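Right, one structure below, let's go through it.
The numbers here are math on the coordinates, done by the rules we state, and not lab data. Source: prediction; values computed, not measured. Note that each Cβ is placed from the backbone with ideal geometry, even for glycine, and that neighbours are counted across all protein chains shown.
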Amino acid sequence: MIQVITALTPIFLLIFLGWVFKKLDFPGVSFWPAAEKITYYVFFPALLFINTYRAPFADLEVLPIALIIALCMGIVTALMLVLRPWLPLSGPAFSSLFQGSLRPNTYVGISAAFVLLGDQGLILSAMVIAVMIPLSNLFSVCIVSRYGSNGSRGWSGLSSALLRNPLILACLLGIAANLLNLRLEFGLMEFIVILSQASLCLGLLSVGAGLVFQGMRSSVWTVGLASTVKLALLPLLAALGGWMMGLDATSRYVIVIFASLPCGPAAYVLARQLGGDHEFMAEIITIQTMAAFLTMPVLLRLVHLQNGLTDKNREKMGVRLQDPQEHQRTRILAFIDNPRQIFHSYRSGDVADGGFFSRAFRTADSSSFNWYGLPIRPMAPDFSVSLDWSWGE
């Protein structure tokens, strides 16, 4: 579990740094809304588009992944509606409780998937987001419209809001371009990759800047209920679904990553727009973001054990392993140098089989093996570690 905590630490440090910048009023109050807006509408969609465009759909279990996500979110939605008559909450407060039990923070999810699984994690993340974002928006808009103080004002605009969502559009366009085998010529590919480079860092800083700690007024049990469902029940359902559907280790890992995410800031915006309890929503987002630093490593460790990816088993197969601390330093180094590494992976065209991480480890074993679910290919008769820092081939 120490390795998972080490890998996730840079993500939460960036979130904390964003909060510090906001407290210091740096670079200014007007910066953060603009930063969040350009990340949400430009940088993050560019990252999703480029990964769905290069995704090897023939090698991915798209239908089982979509089915697991839909079933898990449907179960949580049904559970919250069944509990509604016994919850002493107003309609707007219940709508915020519901959002806090379901909606993910995709900024954290994309970053965690990349740090832990490399380019393969980004590809699978795009697949998960293409299903999870439309469903979470659909369920949330329906519930907030029904129980919010604005009545049913949001029902008429539900379909148009989903179709105008930049994250959904980016995933759909990337999938369409992939299936149609469209070629991005004249530097267009590099242009989109450069746009995507700012998404993870700026997105995580914006998450931190949006945290609110003053004026906590809600009771512990209401925030605790939303956090328990979101940070424990939903990921456990996802892990169980992945196991029952027989998904590969990497796919199960990514599904659990996104199921275990804290609630995202988009829930606060929706609560304000449709009459939910936006102050309660801000408290849920803040508490869950802090709690996720403890719950995510535990859940991912459980999935790691479930997948059977233990050093002992690999040693029985005759595979010599890199030191775990050195391995995590390699992962973190790749996360920090994300722009150059992503650019190189797309230029060299090897995203489908693991990206630059597939060239980073060499083993004497003649068969491929996984490290935390990442496919590793043998390349030389000696065991060594090397990173390819070149910009193209």
Length released on extending from Val29 to Phe213, taking residue separation times 0.36 nm less the Cα-Cα span
64.5 nm
With the Cα gyration tensor of segment 190-254 giving a ≥ b ≥ c as the square roots of its eigenvalues, does the rule (a/c under 1.5 for rounded; else a/b larger than b/c for prolate; else oblate) give rounded, prolate or oblate?
oblate
Checking the a/c ratio against 1.5 first, then a/b against b/c, what shape does the Cα gyration tensor give for segment 21-78?
oblate
Simple spin-label estimate for Leu169 and Leu87 in nanometres, 7 Å along Cα-Cβ:
3.2
Quick one: length gained pulling Met244 to Ile194 fully straight, 0.36 nm per residue minus the C-alpha distance?
14.1 nm
Extension gain Ala78-Leu294, at 0.36 nm per residue separation less the Cα-Cα distance, in nm?
75.1 nm
Count neighbours as other Cβ atoms within 10 Å of each site's Cβ, and list the chymotrypsin sites (Phe, Trp or Tyr not before Pro) in segment 179-229 that are DSSP loop with at most 10 such neighbours.
Phe186
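Any idea what the alpha-carbon Rg over 2.2 N^0.38 Å comes to for segment 233-300? Let's see the in-between values first.
Details: Rg = 14.5 Å, N = 68, 2.2 N^0.38 = 10.9 Å.
Cα Rg divided by the expected 2.2 N^0.38 Å: 1.32.
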Mind running the shape call on segment 32-123? Use the C-alpha gyration tensor, a ≥ b ≥ c as the square roots of the eigenvalues: rounded below 1.5 for a/c, prolate if a/b tops b/c, oblate otherwise.
oblate
